[in-house]
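Presented below is the structure to which this report refers.
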Amino acid sequence: MIVEGYSLTEAQMAAVANPVRGEKKTGSVGMPLPDVGMTIVDPDDGSIVLPQGELGEIAIRAPQIMQGYWRRPEETKEMVREDADGNRTLYTGDLGYIDADGYLFIVDRKKDLIKTSGYQVWPREIEEVISAHPAVHEVGVAGLPDKMRGEKAKAWIVLNEGATATEADMKAWCRERLAAYKVPAKYEFVSELPKTQVGKVLRRALRESESKVAQEDKIE
C-alpha cells in the first residue's frame, strides 16, 4: 500500500500523512501526525495565524525539526523561529490550507508566488490549465519583473511530439479558463524544461534563463 505524506529535509521524517485506514481526499497530503502541530500563517507576517480554510504559509511545530543550517545563522533565523516561551516553529515556505476535517492541501511555493497588479497568482494553477491543452506535453510558469504591474507571468511550454500551437492559441486557451490577471503575458516554446533530480520543474532556473537573455540583449 502506498500512503502519501509530506515533510521537508528540515523536518526530517514525515510530518503529514494520509490515513492508512479512513478517508483520503483528492489533492490532500493528509493530516498532521500525532506529535506534529501545524498552523497556516500569513505569508508576509508569520505571527498571524489564519482562520481554517484560508490560504497561507504552512508552519510546523514538532520535535524533529532541525536545529539549524550549518554555518548559516541568518537563513536559520528565517526558517526556524522561537516564540516567547521558547517553542520552535519551522516556516516551510510552502503555501496551503487546512480544511474543516484537518486535511492539508498544498497549493504552491511561497517564493514562486507571482504578484501582479496587486493580485496574487499561483503558478501551479496556470500550469494545470495549460497542461490540459491537447498539444501540451509539459509546462513551467514563473513570474518576471514588470515595470507597470510589478510582475508578469510567463509560460515555458514543451509541445507533444508532432503537435503544433502558437502563442495566440495558448493565450486564447488561458483566457477562456483563467481570470484576466492570471493569463500569462508571455509564452515560449522550448524543447525541455530544467528540472530537479526528482523531476520537479525548476522555476528559479526559468527566471534565471530569462534574466540572462535580457542581459545579453542589453549588451548587443
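Read-outs: derived from the displayed coordinates by stated rules, not from any lab. Keep in mind the model is a prediction, meaning the values are calculated, not measured. When we count neighbours, we look across all protein chains shown, and the Cβ atoms used for this are built from the backbone with ideal geometry, even at glycine.
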To test your reading of the geometry: what angle, between 0 and 90 degrees and rounded to tens, separates the Cα axis of helix 203-219 from the longest principal axis of the chain?
40 degrees
The range 132-195: relative contact order in percent, alpha carbon pairs under 8 Å with at least 6 residues between
36 percent
Going highest first, how would you order 91-98, 128-135 by mean Cβ packing within 10 Å?
91-98, 128-135
Average Cα contact separation per residue, the chain, under 8 Å, 6 or more apart, as relative contact order %
12 percent
What nm distance separates the two modelled labels at Lys186 and Lys24, each placed 7 Å from Cα along Cα→Cβ?
4.1 nm
Could you state the angle between the C-alpha long axis of helix 167-177 and the longest principal axis of the C-alpha atoms of the chain, as a value from 0 to 90 degrees rounded to the nearest 10?
50 degrees
Determine the gain in length on full extension of the stretch Glu125-His137; use 0.36 nm per residue of separation and subtract their C-alpha separation, reporting nm with one decimal.
2.7 nm
How far is the Cα center of the range 60-85 from the Cα center of the range 172-206, in Å?
33 Å
Along Cα→Cβ, 7 Å out, is where each label goes; now give me the distance between the ones at Val158 and Asp146 in nm to one decimal.
2.6 nm
What ranking do 66-72, 114-120, 27-33 get when scored by the average of other Cβ atoms within 10 Å per residue, highest first?
27-33, 114-120, 66-72
What does the charge dipole of the range 5-110 about its Cα centre add up to, to the nearest 20 debye, if the Cβ of each Lys and Arg holds +1 and the Cβ of each Asp and Glu holds -1?
460 debye
Contour minus Cα-Cα span, Phe105 to Lys195, at 0.36 nm per residue, comes to 30.1 nm
Quote to one decimal, in nm, the extra length available between Leu202 and Glu78 on full extension: 0.36 nm per residue of separation minus the C-alpha distance between them.
42.4 nm
